[in-house]
Structure formats: structure tokens, C-alpha cells
Amino acid sequence: MVEINPILCKSCGYCVRFCPKQVLSIGKTRNKRGFFYPELSDPDNCISCAVCATVCPEGAIELPGKGGENDG
Amino acid sequence: MAEYKRSNLIADAPSGYCPGCLHSLATRLVSDVICELGQEDNSINVISVGCSALNLLYWKGDFLGVAHGRAPASATGIKRTNPERLVFTYQGDGDLAAIGLAEIVSAANRGENFTVIFANNQTYGMTGGQLAPTTLIGQKTTTTVYGRDPAVAGYPMRMCELLNTLEAPQYIARFALNSPKGINQARAGIKKAFEYQLAGKGFTFIELLTNCPTNWKMSPLDTLEYMNENTIPYFKPGVYRDKEAEVK
Amino acid sequence: MGEKRFMKGNEAIAEAAVRAGCRFFAGYPITPQNEIPEYLSWRLPEVGGVFVQGESEISSVNMVYGAAAMGTRAMTSSSGPGISLKAEGISYLAAAMLPAVIVNISRGGPGLGSIQPAQSDYLQATKALGHGGFHAMVFAPYSAQEAVDVLYEAWDYAERDRNPVFVLMDGCLGNIMEEVELPPMKELDEPPEWSLSRRNGRDWQGNITPIYTEPILEGLNAMAGEMYKSWEDDVKVEEYMLDDAEYVIVAYGIAARVSKEAVDTLRARGVKIGLLRPITLFPFPKSNLRNLDYSRVKGIIDIEMTLPAQMREDIELQVMERCPVYEYGRSGGVLLDDDGVLEAIEGFIEGGENNG
């Protein structure tokens with residue numbers, strides 16, 4: 001399941017644009033730098049494909065598993 | 001079920017890049033691959049001038065800030081004296097293809113065993129969007145306000161193709177970062193280049209087609225379409241040189 | 001006792017650098033310094049060092065920048081036009097606080113100038129080696145042996161200060177063959193903690209940068225100013241027959257060598273003349289010149305192998321109009337000769353103050 005870190009988001013919209021299941025949308029809340037960040041608006045249909053994490057320039061979206069090789 | 005965890009080689013804070021800038025994506029990709037290869041403490045990022053210099057505040061591994069265009073020279077000094085280190089330069093198109101043309105061509109020609117990460121956004125982002133060697137024909141910049149005219153500004157320079165005329169380079173490839181597919185291919189290419197370097201094979205060159213929403217004066221999403229329609233047809237993605245594959 | 005050899009000045013510089021621990025050299029061919037890269041191209045690999053012939057002076061100094069960042073003792077050499085191209089890199093070395101040694105075997109200038117020896121780069125070396133208002137210590141040896149001694153200590157100063165060190169010679173000194181006594185190979189320490197090397201066991205992030213936020217840059221520049229002042233303790237100067245001198249020649253490098261001959265000749269003729277020879281041009285031996293007994297000294301004679309004289313302003317600042325300052329020189333690659341120097345000095349003495 002995707003985990004969105006609002007602090008890192010700059011509202012570019014890439015995650016929403018490329019999500020194959022359209023489960024993400026730009027929310028109505030601003031982060032402290034003034035950017036509207038995405039929400040997982042349809043979590044039931046998220047397939048954890050990580051496309052959103054792949055296209056996020058800032059690495060604001062993570063999909064924590066049971067311990068990936070990048071841990072630490 | 002895919003997993004993704006942000007690497008600890010980049011700051012736990014927003015980058016200095018503008019919203020939608022694929023520079024920050026390129027930096028993140030490189031940091032991911034270095035972590036995947038377990039090279040966090042062994043890598044050195046040779047950070048050049050331009051928007052790449054925003055890495056000075058973002059990169060959490062060892063780094064050396066260098067002069068405009070000279071990263072391949074400074075990387076030569078690092079790698080020749082410390083061959084065990086994973087050394088890469090991170091350069092933009094003004095830095096690499098204009099002021100640093102002698103340095104990149106000569107380092108490639110010597111077959112220096114380091115990796116060049118070349119972010120090509122077709123403009124000088126940091127200084128406000130002037131004509132770059134890679135600016136497309138007709139593309140407007142602050143020094144080509146009516147669009148690049150080849151009669152006075154020449155044609156966009158293709159660095160992969162240019163370097164591919166040299167004997168020494170081991171791996172030369174171009175990837176476009178405007179789609180998930182291109183990003184995944186880029187990630188694999190960066191990994192391959194670093195593996196070549198760690199095996200001591202020689203010079204590796206990764207060109208990443210990026211954007212500049214701020215200076216192209218487009219929304220981030222529009223830049224991705226612009227790249228599909230204009231950038232990618234001129235700067236064709238692909239693996240231009242893969243010495244290992246040639247042997248097989 | 002060291003090892004004695006008969007060597008060209010340029011080769012002596014190169015061998016002394018190796019013995020001082022230099023393990024990286026990058027350079028680009030330019031006359032009259034070519035023996036330095038040529039010698040090091042085979043000599044450095046013998047001691048596990050690295051030689052790279054760069055594609056330009058610009059790239060060479062930036063290779064040195066990279067090697068120096070790793071804590072390696074690194075050097076580049078060139079001559080006037082090439083030093084101009086290195087100016088950017090030398091400024092970056094100073095900004096990033098990296099120790100390195102730069103040697104200028106100078107020739108006639110400006111421009112491409114001539115390939116024959118000249119001392120036309122004094123102002124560049126002592127006032128502005130690059131943009132941004134920084135200084136490097138500038139040594140000006142006047143023999144192959146003194147060049148060996150200077151190079152052997154150069155990195156000790158550079159690493160003490162974390163600042164580049166500059167050696168200014170000329171094509172004469174680079175190419176004359178002389179007997180030199182070579183010191184033993186220095187034992188190398190581990191790369192310093194500030195360097196990007198991990199061979200010293202460092203396990204934290206290292207970074208070196210030539211760009212800073214404004215308040216930090218201001219602070220670093222102020223600290224650099226204090227460092228330049230501290231160099232007053234490092235002044236090296238030779239005072240030759242000054243005790244009773246009524247005329248004092250100020251000359252460095254090859255000009256000092258010719259001037260010393262002139263002092264001997266004129267002393268034999270009964271002229272009370274001496275030589276003040278700066279070995280460090282920056283720091284300039286200010287107090288030696290300022291504290292001369294001007295009730296006795298009738299004239300200061302600035303002899304340089306360049307026209308117009310470049311050291312004159314530094315001299316005048318210390319003489320403070322207490323006696324006339326004369327200048328004599330040749331330029332463009334035309335060499336100083338004994339007769340010309342003697343004739344000029346005798347002319348100044350006979351002409352007295354009218355000639356000042």
C-alpha cells in the first residue's frame with residue numbers, strides 16, 4: 001500500500017497522471033510549503049504497483065514492504 | 001506487490017528543484033541504485049555547476065563540488081588516485097555539452113573508469129533559461145526569444161552519438177524520464193553503468209532526458225507531453241554502446 | 001647526506017616533488033616547462049603515483065583539484081599563458097581550501113608572448129592568481145638547489161594552511177643544469193580527515209565545495225585574511241652584503257642571480273652595494289626592506305627580467321620615499337646580461353637623485 005509523505009510533495013501531479021488504477025487524486029489540503037498533495041482516494045483498488053513511487057521526483061511516495069534492500 | 005523505500009543518500013527533506021523537475025528524479029534514481037549496490041559509503045558524487053549544484057544541499061554521500069564543465073577532469077583526479085571508489089559526475093547540458101565539451105570528450109576518450117550522469121533539459125535552468133547546445137530547433141529561450149534558429153545558433157548537439165564515435169567508452173545510453181517505462185529503463189541503465197565501473201571496465205555515460213517546467217514555461221504535466229512530441233524524436237533513447245553485449 | 005645529481009632545474013623540481021610526497025601530476029605541454037611533465041610521466045608510476053596529460057591547462061588544474069580533494073599530494077606546472085588558463089582552478093582550490101602546488105616556469109608576455117625566459121608574471125602571482133581576492137604563498141627560488149628545497153617543503157605549507165602554494169621561476173632556471181643535493185623520500189601520512197578519502201577510516205559523510213552561503217563565505221574570507229597576515233612569519237629572504245650598503249638591489253629568481261654577480265664585481269671596484277633577495281614574493285619581505293638604514297642607503301635598485309618593473313610598487317611601499325627607487329630590466333624573452341646590469345647600476349649611482 002502507498003504511503004505519501006506530504007512534506008516532500010510539490011504537487012507536480014505525476015503520480016495521479018500515471019496511476020494505472022486512478023486511485024490517487026490531488027487533495028484539498030496544503031502542506032507547509034503551500035502545495036496540495038495527493039491522497040489515496042480509492043485505496044481498495046490500489047494494486048501496489050509502485051508506478052506512483054517510480055515517477056515521483058521527490059521520493060515522496062513509498063511502498064514499505066517487509067523490509068526492502070534499501071532499508072537502513 | 002512492489003516495494004519502494006526512499007534512499008538515505010538524499011536528504012530527508014524536499015530537494016531544491018522546482019515542482020516537477022526531473023533533475024530531482026534523476027538524483028533520486030542514482031541514489032536508489034547506489035544503495036541497491038551497497039555503495040553508499042564508497043560513492044563520490046562530483047557535482048558540477050548549474051541546477052545540478054542543487055545536489056550540494058541534497059546529496060548525503062561523499063561529494064566534491066567542482067568548476068563549471070570540469071567535473072570529468074576532477075573525477076579523473078579522484079578515480080586515478082582512488083580506483084576503489086565508485087565515482088560519478090552529475091552534469092547538465094550547458095555544463096557538459098558547452099563549457100565542458102573538451103573535458104567530457106577527453107575523459108571519455110581516455111576511457112576513464114567513472115560514470116557520467118548527464119541530465120539534458122535543453123536549457124540553462126539555473127541562470128534563467130538561456131540557449132543550451134541541446135536546445136531544440138524553434139525552442140524559445142531567453143537568448144533565442146523567437147526560437148532557436150540554426151542559421152545563427154546551430155543545431156542541438158547529440159552527446160551520446162558524438163561520444164559513440166570514440167573507441168574507449170564501454171557503455172553509452174540515453175533514457176527519457178517522462179514515463180514510468182523510461183524511468184525503469186534508466187534505473188537499469190544506471191545500474192549497468194555502475195556495475196561496469198565497479199568491474200573496472202572503463203568509461204560509462206548515461207544521458208537522461210529531463211525537463212524544465214519553470215523555464216519552458218509549462219506545467220510539469222505539459223512538459224512530459226512536450227518531451228514526447230519534440231525531445232524524444234530528436235534525442236532518440238536507446239543503448240548506443242554496450243561493449244559487454246558486443247562481446248557476447 | 002643527500003644524493004647528489006647533475007640535473008636541469010625543471011627535472012630537479014620534478015624529483016623534489018616526488019620526494020616531497022607528490023603522487024599526482026596533471027599538466028599540458030608548454031615551453032619552457034616541458035621537462036617537468038616529461039620527467040614525472042615515468043617517475044610517478046615508479047613510486048605508485050599517477051601522471052595524466054590533460055587536454056588543457058584548465059582540465060589539468062581541475063584534475064589536481066580532484067586528487068587534492070582525496071588528500072593526495074598533487075601538482076601541476078605550466079608557463080604564463082597556461083597559468084592564465086589555470087586561474088579559475090587555482091581560485092577554486094583556494095575556495096575549497098585544497099592544498100596543491102602550482103609551478104610557473106615563466107616566459108615572455110603578455111599573450112602568447114615568447115617562449116624565452118622572462119619574469120613577467122610577478123603581479124599575477126602575487127596579486128591575483130584568479131578571481132575572488134585570494135592569495136597563495138609564492139616562492140621564487142633562484143637555483144636548482146633552492147627549487148629542490150622549496151618543493152620539498154611546499155606541501156607542508158599547503159597542508160598546514162589548506163591553501164595552494166605557488167612556485168614562480170623562469171625559463172632560465174628551469175633549463176640550466178646544476179648540481180643538486182636531493183633529500184630522502186618523505187614518509188607519507190594517512191590522507192587528512194578533511195579529505196574525501198576513506199583510507200583513514202572515516203565513516204561519516206565528507207564534502208568539499210567551492211560555493212558557500214554568504215555569511216559562511218564572508219567568515220572564510222575573513223579567516224583567510226588572518227592567514228595571510230600569519231605568513232609574515234614565513235618570509236624567506238637572502239640579505240647579501242647589506243651591512244654597509246649604500247645601494248641595495250632588490251631582485252628575485254634569475255635577476256637576483258645576475259645581480260649577485262654585479263654586487264661582487266662592483267664591490268671589487270669599491271662600490272658599497274648589496275642585494276636583498278626575496279625568496280618568498282608573497283609574503284613579501286616587507287620589514288627587511290622597511291628597516292634598512294636609510295640614513296646610509298642612497299638608492300634602491302629594482303632589477304627584474306620584465307618591463308616595466310612589476311615589483312616596484314611593493315618596494316616603494318616599504319621605502320616610503322626615503323631614497324630614490326631605480327629600475328632596470330629586459331623583457332619579452334631578452335635576457336639580463338652582466339654588462340647591461342653593471343652599466344645600468346653605475347648609471348644610477350653616477351646620476352644620483354636626478355635619475356630617481
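Derivation of every value follows stated rules applied to the coordinates shown; laboratory data play no part. Owing to the predicted nature of the structure, the values given are computational and were not obtained by experimental measurement. Glycine also receives a Cβ, built like all others from the backbone with ideal geometry; neighbour counts cover every protein chain displayed.
Tabulated results
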item: Over 27 Å (Cα to Cα) - which of C:8/C:236; C:186/C:236; B:79/C:236; A:28/B:181 fall in this group; result: B:79/C:236; A:28/B:181
item: Reachable aspartates and glutamates from residue B:243, criterion Cα separation under 18 angstrom, eight or more residues apart if same chain; result: B:112, B:161, B:167, B:195, B:207
item: For the protein assembly as shown, share of DSSP beta bridges that run antiparallel, in % to the nearest 5; result: 30 percent
item: Number of partner chain Cβ atoms within 10 Å, mean per residue of A:5-17; result: 5
item: Gyration tensor over alpha-carbon atoms, the range C:238-355, equivalent ellipsoid semi-axes in Å; result: 18, 17, 14
item: Sequence of B:59, C:204 once ranked by neighbouring C-beta atoms within 10 Å, starting from the fewest; result: C:204, B:59
item: Among B:38, B:197, B:132 - extreme Cα towards positive end, dipole of the range B:22-247, charges at beta-carbon; result: B:132
item: For the range A:3-62, projected area of the alpha-carbon convex hull averaged over all directions, nm²; result: 3.5 nm²
item: Stokes-Einstein translational diffusion, the protein assembly as shown - Kirkwood Rh over all Cα pairs, 1.306 mPa s, 10 °C, in µm²/s; result: 58 µm²/s
item: Projected-area mean, the range C:3-233, by convex hull of Cα positions, square nanometres; result: 12.3 nm²
item: Per-residue Cβ neighbour rank within 10 angstrom, fewest leading, C:58, C:216, C:13, C:176; result: C:216, C:176, C:58, C:13
item: Shape call, the range C:10-109: gyration tensor on alpha carbons, a/c limit 1.5; result: oblate
item: C-alpha long axis of helix C:80-95 to longest principal axis of chain C, angle in °; result: 60 degrees
item: DSSP beta bridges in the range B:9-122 [antiparallel fraction, %, rounded to 5]; result: 5 percent
item: Degrees between helix B:101-110 axis and first principal axis of chain B (Cα, 0 to 90, nearest 10); result: 30 degrees
item: Neighbour-count order for C:135, B:68, B:23, fewest beta carbons within 10 angstrom listed first; result: B:68, C:135, B:23
item: Computed [θ] at 222 nm, deg cm²/dmol, the protein assembly as shown (DSSP H ≥ 4; -39,500 (n - 2.57); rounded to nearest 500); result: -10000 deg cm²/dmol
item: Alpha carbon centroid spacing (whole Å) that separates the range C:46-103 from the range B:101-143; result: 24 Å
item: Contact order normalised by residue count of chain B, Cα under 8 Å, 6+ apart, percent; result: 19 percent
item: Sequence ranges C:48-57, C:265-274, C:224-233, ranked by mean other-Cβ count within 10 angstrom, highest first; result: C:48-57, C:265-274, C:224-233
item: Per-residue mean of C-beta atoms belonging to partner chains within 10 Å, peptide B:131-143; result: 0
item: Within the range B:22-247, percent of DSSP bridges classed antiparallel, to nearest 5; result: 20 percent
item: Cα convex hull volume per residue for the range C:292-356 (Å³); result: 84 Å³
item: Using alpha-carbon coordinates, inclination of helix C:9-19 to the longest axis of chain C, degrees; result: 40 degrees
item: Whole-number percent relative contact order across chain A, with pairs defined as alpha carbons under 8 Å at least 6 apart; result: 40 percent
item: Reachable lysines, given that their alpha-carbon falls under 19 Å from the alpha-carbon of residue C:298 and they are not under 8 places away in the same chain; result: C:260, C:272, C:286
item: Charge dipole (chain B, unit charges on Cβ, about Cα centre) - positive-most of B:118, B:105, B:10; result: B:105
item: Cα-based Kirkwood hydrodynamic radius, chain B, one decimal, Å; result: 17.9 Å
item: Shielding score for B:26-39, defined as the mean number of other chain Cβ atoms within 10 Å; result: 2
